[in-house]
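Written below as structure tokens is the structure these notes are about.
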Amino acid sequence: MTEPVLRMESVRKTFGGTVVLRDVDLDVAPHTVTALIGASGSGKSTLLRCANLLEEIDDGAIWLDGEEITDPRTDEDAVRRRIGVVFQAYNLFPHMTVLQNVTLAPRRVHGVSRGEAEQRARELLERLGLGAKADEYPDRLSGGQQQRAAIIRAVAVRPRLLLLDEITAALDPELVGEVLDVVRDLKEDGMTMVLATHEMSFAREVADQVCFLDGGVVLERGAPEAVFEDPREERTRRFLRRIVEAGRLA
Ligand SMILES: Nc1ncnc2c1ncn2[C@@H]1O[C@H](COP(=O)(O)OP(=O)(O)OP(=O)(O)O)[C@@H](O)[C@H]1O
Ligand SMILES: [Mg+2]
């Protein structure tokens, strides 16, 4: 078996005595997409934040490419340089153009020359449909375009793993599609991704593995067809039923 890009084993996370992640195991194989689904408060964001070492776990261990990153001797900044993260609210720097936003980390953190960083950035922007916006400031872009720029910024450093937390949640419905298109393109490029999402039909389409979180436990996991069409757990069925009733799963 190929080594997973990300492995979590018996991860436990508490906040002030409340258990938020309980015994979470997760393997993310290279070039696959894992979708985290589950009700609000089930622990999806916390799981992503633990994977990126933004939160310290209470117990268990996490590996990135076979290296235990929860080992106290780990260089956390070095780990974060290998993991791209995009959150719900696109956090582009407003005083920089799209191109400057996208080239900042490659130049400042990864020591890539300006020429090389800009060439790669323009290629990425072009390929992901934002070529014409490279020299615009973020406030001249739509929400969907800003979120696409934020994703491109995250992948500009060629991360091993991309974590996407509700990247469409702040967008008007008509802008969701273009952001999801970018994720599809990245999947085609072989990017390894873990995404928390409420877009169930998207999760079903794009994910290789779906994990249903319930109260901090990965209650059910499997191929999207299995989890969405034939869930084993009553709580998964109930969650999906509510989603269907809310009109969020065709
Ligand atoms: N910094 C924190 N301090 C205390 N409690 C927290 C903190 N962050 C998260 N929690 C709690 O942990 C639980 C899981 O939260 P989390 O944000 O991971 O859920 P989620 O599945 O991402 O929800 P949503 O779908 O609403 O984004 C919640 O009960 C939340 O209140
Ligand atoms: Mg969340």
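The values are calculated or read from the model by the stated rules, or taken from the named source; none is laboratory data. Worth saying up front: this structure is predicted, and the values here are computed from it rather than measured. FYI the Cβ positions are ideal-geometry reconstructions off the backbone, even for glycines, and counts take in every protein chain you see. Surface accessibility is based on the protein's heavy atoms, side chains included, excluding ligands, DNA and RNA. Shrake-Rupley method; radii C 1.70, N 1.55, O 1.52, S 1.80 Å.
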- helices (runs of 4 or more DSSP H) fully within the stretch 55-170 counting 3 or more residues that are open to solvent by less than 40 Å² (accessible area, probe 1.4 Å), free of Cβ contacts under 8 Å to residues at least 24 places away in the same chain and at negative phi: none
- Message: Every residue in the stretch 203-220 that is within 17 Å of Met191 (Cα to Cα) and surrounded by fewer than 19 Cβ atoms within 10 Å (Cβ to Cβ), please.
- Response: Glu205, Asp208
- Note on the structure: (1) within 13 Å of ligand 2 (Cβ to nearest atom); (2) of a type in the set (Val, Ile, Thr); (3) open to solvent by 10 Å² or more (accessible area, probe 1.4 Å) all hold for Ile37 apart from (3)
- Query: So which residues in the stretch 40-60 are over 15 Å from Leu163 (Cβ atoms) and within 15 Å of ligand 2 (Cβ to nearest atom)?
  - Reply: Ser40, Gly41, Ser42
- Selection from the stretch 172-201 of residues without any contact (Cβ under 8 Å) to a residue 60 or more places away in the chain and within 15 Å of ligand 1 (Cβ to nearest atom) yields Glu199
- Message: Six or more apart or on different chains, Cβ atoms under 6 Å: show the pairs whose first residue is in the stretch 24-50 and farther than 17 Å from Arg242 by Cβ and in a helix (DSSP H, G or I) and whose second is more than 9 Å from ligand 2 (Cβ to nearest atom) and not hydrophobic (A, V, I, L, M, F, W, C).
- Response: Thr46/Lys13; Arg49/Glu55; Cys50/Lys13
